[in-house]
Amino acid sequence: MRHHLYNPNFKFVKEPEEFNKYTDRSVLQFCLGASMYMPGHKDFIDAILTHKYPGLTSMVMCFEDACKIEDVPRAEENSLHTLDVLSQKLEDGEITYADIPLLIFRVRNLEQFKHFAEQLKPRYLKVLTGFNFPKFNSDNGEGYFSYLQELNDRFGEIIYGLPIIEDSTVAFKETRMDQLLGIKRILDRYKPLVLNVRVGATDFSSCFGARRDVEYTIYDIMTVSDILLDILNIFTRRGDYVVSGPVWEYFKVKKSMRFQELPHINLQESLMRREPLVSAEVDGLMRELVLDKANGFIGKTVIHPSHINYVNGFLAVTKEEYEDALQVLNTSGGVIKSGASNKMNEIGPHRLWAERLVARAAAYGVIENKQSYLALFHAENEE
């Protein structure tokens, strides 16, 4: 897999790198980007094999929220069939890892996780990246990860866990910090198996009867923003974990709009001023992505393929950022004027930022400047 294949003619300053489930975790944790969720009973094999969505690099087949309880057996059967077909074609040389998105399964609970996993064949693990653990908290977390460790040991494969923090005990202030610290202790014990930490802002919103309108970002919903900032505080300190941003729920797209019609705008400034650009749905997504990145989220849960270009596109690194990061990493200490002569780079305080930015550049590439985002979002064959 490689990011931005929907736009093969785009000229990068530094090309994004290839990755697959066996890429070193230190890099792979930054590569998930736009993880598209779908019901586990949806047949997606042809879409994968025909590259229907060329920007798709990470997908989740869901046995939980996107799947009715009565549909779980059908979802398990379909998911096993997907693993069977893809692993067989990989084994026969009909496809390579360049054709297979990171494939993740969102289990319903620990019992269903075990039921599904006991049906896995060894060759399935060649195309299975990991499992999402919903409603993850300090009470159920050990069960999920101890069984995941057992699977890794049994198959001699790497199978990752991606906990989803969305439980009401995290939403409510009086139990939040104990829960977050308890979750952190569990993840620290199994750190080599933790690929990504995800958050469930929709579940958090439901605890307060709230839902963000298309005109607002999740950061405007103060009860939820407060939770997300605490999660970032606990899990991104010292660069311990990569945390992925919450889903954007709106996906109507004005396909007649073309970014070439906006050649002179300052994208971020226009978004923050709420100037109409593409459509309310896309503008809202882009506005939230700007704030996701500013706050330290890497990637985002998506529920529609039209979101992929924007989520992954915004994660590309500008040339100025990249040069600043390299300057920080290649200087022993002190303070130095940036190459662009427009800011100071303080070597100690900026080092963690620089390390994460270089990792992001490896996954999503380096572009010339902020104006280049407009060209990167746009695919020539887009209808």
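The amide H of Val199, built 1.01 Å from its N in the peptide plane, has Ile165, Ser244 as neighbours under 5 Å, considering only residues 5 or more places off or on other chains.
DSSP loop chymotrypsin sites (Phe, Trp or Tyr not before Pro) in the range 1-41 with at most 15 other Cβ atoms within 10 Å of their Cβ, which ones? Show your work: numbers first, answer last.
Values: sites: Tyr6, Phe10, Phe12, Phe19, Tyr22, Phe30, Tyr37; in loops: Tyr6, Phe10, Phe12, Phe19, Tyr22, Phe30.
For chymotrypsin sites (Phe, Trp or Tyr not before Pro) across the range 1-41 that sit outside H, G, I, E and B with at most 15 neighbouring Cβ atoms in 10 Å, the list reads Tyr22.
Springs between Cα atoms under 10 Å define the GNM used for the chain, and in it the highest mean-square fluctuation of Ser338, Ser306, Ser58 occurs at Ser338.
Cα centroids of the range 160-205 and the range 74-96: 31 Å apart.
With a ≥ b ≥ c taken as the square roots of the eigenvalues of the C-alpha gyration tensor of the chain, please select rounded if a/c is under 1.5 and otherwise prolate if a/b is larger than b/c or oblate if it is not? It would help to have the intermediate numbers written out before the result.
Numbers: a/c = 1.39, a/b = 1.26, b/c = 1.10.
Rounded is the answer for the chain, as its axis ratio a/c remains below 1.5.
Whole-Hz Karplus values for the range 130-138 come out as x, 10, 8, 10, x, 6, 5, 8, 6 Hz, taken residue by residue from phi with 6.51 cos²θ - 1.76 cosθ + 1.60 and θ = phi - 60°; glycine and proline positions read x. Between Asp283, Asp213, Asp292, the GNM of the chain built on Cα springs shorter than 10 angstrom shows Asp213 fluctuating the most. Checking every one of the trypsin sites (Lys or Arg not before Pro) in the range 1-84 against DSSP loop status and a limit of 11 other Cβ atoms within 10 Å picks out Lys11, Lys52, Lys68.
Packing around the peptides 235-241, 359-365, taken as the average count of other Cβ atoms within 10 Å per residue, puts them in this order, highest first: 359-365, 235-241. Residues whose amide H lies under 5 Å from that of Gly161, counting only those 5 or more places away or on a different chain, are Phe131, Val194, Leu195; hydrogens are built 1.01 Å from N in the peptide plane.
Amide H to amide H distances under 5 Å link Met36 with Ser58, Met59, Val60, Val302, where only residues 5 or more positions off or on other chains count and H is placed in the peptide plane. Taking springs between alpha-carbon atoms closer than 10 angstrom, which of Ala325, Ala47, Ala66 fluctuates most in the Gaussian network model of the chain? Judging by the Gaussian network model, the answer is Ala47.
Here, each number is a calculation from the coordinates, and none is a lab measurement. These numbers were taken from a predicted model, which means no experiment stands behind them. Cβ sites come from the backbone with ideal geometry, for glycine too, and all protein chains shown count toward neighbours.
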